[in-house]
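K.L.:
Let me give you the structure first, and then I'll get to my questions.
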Amino acid sequence: MDGVITTQVRVIGALVLRETRTAFGDTQLGYLWAIVNPALSTLVLVLIFSSLGRSPAFGTSFALFFATGILPFQTYSKLSNSLMTAINTSRGLLSYPLVNETDILLSKYILIVLTYLMIIILFFWLIIWGDEAPLPVRVEECASAFLVLTLLGLGAGTTNAVLFRLWPTWKQLESIISRPLFFLSAIFYVPDDFPTHVVKVLSWNPVLHGIEWFREGYYGNYHSSVLSKSYLITCVTILLVLGFFGERLYRKKSI
Amino acid sequence: MIKFQDVRKTYRLKGVTKTILKSVSTCFPEGKNIGILGHNGAGKSTFMRLIAGAELPDSGRIKRNVKVSWPLGFGGGFAGKMTGIENVRFVARMYGEDTERMIDFVEDFSELGPSMALPIQTYSSGMKARLAFGVSMAVNFECYLIDEITAVGDARFKRKCDDIFETKLKHANIIMISHSEATIKKLCDSACLLHEGELTMYDSVDEALAQHRKNQLK
């Protein structure tokens, strides 16, 4: 018998590869759609807004401003959403003793993060190549913001998964609760443009901090007075602990 | 050897509590083929998932020092959109087996031919069962868990299954659930009876079958 860690790595690897087949296996181009689809639909949104003559809340390119908001946001929301039901949709896999709930969650996390990383690279490459935007000023800051946002998604997603298992109605409630996030996450505005009492409310939303962080990294001259990395990281830690402890605690209740 | 220590397993679903095992301590010795008997709904399949480690007990411990298979006999882990080959590849990767060797083995064993390259959702239940059986025979386990797999395929395929079983049983053991007394008698050298949350081990299969019959008359 080989070590526990090598087995888990092997299992997660197998699950990631499997997932690429199950998600788009019956279409031509297969998993490429997972990358092309969000990238193109974001592009369409940008084209619609720019043709309406919307000017960006910051900088000169609407496409760039919108992309720095929407793409990190989508990464987060995709994670928090898919992970919630991941165990349920892959229940059959649990009949393999080697597979446990954490493997399913982690493999899904890895695949979504890689997919959105590709989407982000593809999209920014498109707008940079189209001369709409400059190169990011501090790539390492963008990468850190992206990574922390994915971890926020992982924490929220696993916590959702636990709540969903204990109480299936949670899925409906969660979608109601998280819908306003699109408007509360600074995707198409700069929070500092709002009066302080509004900013105060907005600053409770950890996703907004992630997006502000990403923008500070991309633009270089974007200064956010709202951004608190420590608040964001605290939220990430709390959600990860809640999610994974809860998962461990309630695992055996699976039916 | 597989050891159960004070294992308790219950289900609570919509306010109904069902006890599968109430504090069971037992030991499945190495080198023995064991049949599991019990009524419909007594929890035999759950018991088997506990042995496999696919499910966790409410309390107690289950220790195994042999490589145990997944409960064989249903393709619960197969993805309908994936082809036969892709499903085989997944299991091979997971268990760290040589993927090509495993595909060859399953192709040869299951006799699915060109269907191996088609999505599983197009398979008949017989084809699926043949694939599932082939996949689990391709991995070398020390203990195979078999959940009611007597009705796979036609007579010829059944013979093939019996043959491979015989070779496997030289190096491995089985723990099986079956409602067929003949199968249990043929393959097992001892049996256990799951009845109302209690598990009783019998050294002789006949004794277990006799008790099982008596329980069913009640």
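K.L.:
Take the alpha carbon atoms of the range B:75-117, find their center, do the same for the range A:141-155, and report the distance between the two centers in whole angstrom.
P.N.:
36 Å
K.L.:
Using Cα centres only, tell me the gap between the range A:160-198 and the range B:23-42 in whole Å.
P.N.:
Measuring centre to centre over Cα atoms gives 50 Å.
K.L.:
Evaluate the distance, in nm, between pseudo-label points positioned 7 Å from the Cα of B:T26 and of B:A117 along their respective Cα→Cβ axes.
P.N.:
Between B:T26 and B:A117, the simple spin-label model gives 4.8 nm.
K.L.:
At a 10 Å Cβ-Cβ cut-off, how would you order B:M116, B:M94, A:M118, fewest neighbours first?
P.N.:
A:M118, B:M116, B:M94
K.L.:
With 27 Å as the limit, write out which pairs from B:K9/B:K168; A:K108/B:K18; B:K67/B:K170 have Cα-Cα distances beyond it, or answer none.
P.N.:
Over 27 Å Cα-Cα: B:K9/B:K168; A:K108/B:K18.
K.L.:
Under the definition of partner shielding as Cβ atoms of other protein chains within 10 Å of a residue Cβ, what is the mean value for peptide A:97-107?
P.N.:
Whole-number average of other-chain Cβ neighbours for A:97-107 is 3.
K.L.:
Would you mind giving the three semi-axes, in whole Å and largest first, of the ellipsoid equivalent to chain B according to its Cα gyration tensor?
P.N.:
31, 19, 17
K.L.:
Using just the alpha carbons, could you tell me how many Å³ per residue the convex hull of the range B:139-218 encloses?
P.N.:
Spread over its residues, the Cα hull of the range B:139-218 gives 113 Å³ apiece.
K.L.:
Please report the Cα spread of the range A:24-134 along all three principal axes, rounded to whole Å, starting with the longest.
P.N.:
55, 30, 23
K.L.:
For chain B, what relative contact order do you get, as a whole percent, if you take Cα pairs closer than 8 Å and at least 6 residues apart?
P.N.:
Details: 372 pairs, mean separation 59.9, N = 218.
For chain B, the relative contact order is 27 percent.
K.L.:
How far is it, in nm, from the label point at A:L45 to the one at B:D98 when both lie 7 Å from their Cα along the line to the Cβ?
P.N.:
5.0 nm
K.L.:
Please compute the average number of Cβ atoms from other chains found within 10 Å of each residue's Cβ in peptide B:77-86.
P.N.:
Taking the mean over all residues of the peptide, I get 4.
K.L.:
Pairs of Cα atoms under 8 Å, at least six residues apart: use those to get the relative contact order of the range A:1-125, whole percent.
P.N.:
Relative contact order, the range A:1-125: 37 percent.
K.L.:
Can you figure out the FRET efficiency of A:I233 with A:T102, using R₀ = 22 Å and their beta-carbon distance, to the nearest 0.05?
P.N.:
0.50
K.L.:
Scanning chain A for helices, which whole DSSP H stretches are 27 Å or more long along the axis (Cα) and average 0.0 or more by Kyte-Doolittle?
P.N.:
Membrane-span-like by this rule: A:4-24, A:32-51, A:62-89, A:101-129, A:139-166, A:229-250.
K.L.:
Arranged from highest to lowest average of other beta-carbon atoms within 10 Å per residue, in what order do the peptides A:221-227, A:69-75, B:29-35, B:212-218 appear?
P.N.:
A:69-75, B:29-35, A:221-227, B:212-218
K.L.:
A follow-up question, please. Return one quarter of the surface area of the convex hull spanned by the alpha-carbon atoms of the range B:77-201, equal to its mean projected area, in nm².
P.N.:
Numbers: hull surface 35.2 nm².
Projected over every direction and averaged, the Cα hull of the range B:77-201 covers 8.8 nm².
K.L.:
Between A:R248 and A:W167, take the C-beta separation as r, use R0 = 22 Å, and let me know the FRET efficiency to the nearest 0.05.
P.N.:
It comes to 0.75.
K.L.:
Is it possible to state the helix-based mean residue ellipticity at 222 nm for the protein assembly as shown, with each DSSP H run of 4+ residues giving -39500 (n - 2.57), the sum divided by total residues, to the nearest 500 deg cm²/dmol? What is it?
P.N.:
So the calculated ellipticity at 222 nm is -18500 deg cm²/dmol.
K.L.:
I would also like to ask the following. Kirkwood hydrodynamic radius, computed over distinct alpha-carbon pairs, for the range A:104-220: how many Å, to one decimal? Don't skip to the end; give the middle numbers.
P.N.:
Working: mean 1/r = 0.0620 Å⁻¹.
With all distinct Cα pairs of the range A:104-220 included, I get 16.1 Å.
K.L.:
With an 8 Å cut-off on Cα pairs and a minimum separation of 6 or more residues, tell me the relative contact order of the range A:141-255 in percent.
P.N.:
Relative contact order, the range A:141-255: 46 percent.
K.L.:
Over the C-alpha atoms of chain A, what are the Rg and the largest Cα-to-Cα span, Dmax, in Å?
P.N.:
Just the Cα atoms of chain A yield Rg and Dmax of 19.1, 64 Å.
K.L.:
Over the alpha carbons of the protein assembly as shown, what is the largest minus smallest coordinate on each principal axis, giving the biggest first in Å?
P.N.:
Largest first, the protein assembly as shown extends 84, 48, 36 Å along its Cα principal axes.
Readers should treat all values here as calculations from the given coordinates under stated rules, not as data from a laboratory. Everything numeric here is computed off the predicted structure, so don't read it as measured data. Note: ideal-geometry Cβ built from the backbone for every residue, glycine included; neighbour counts use all protein chains shown.
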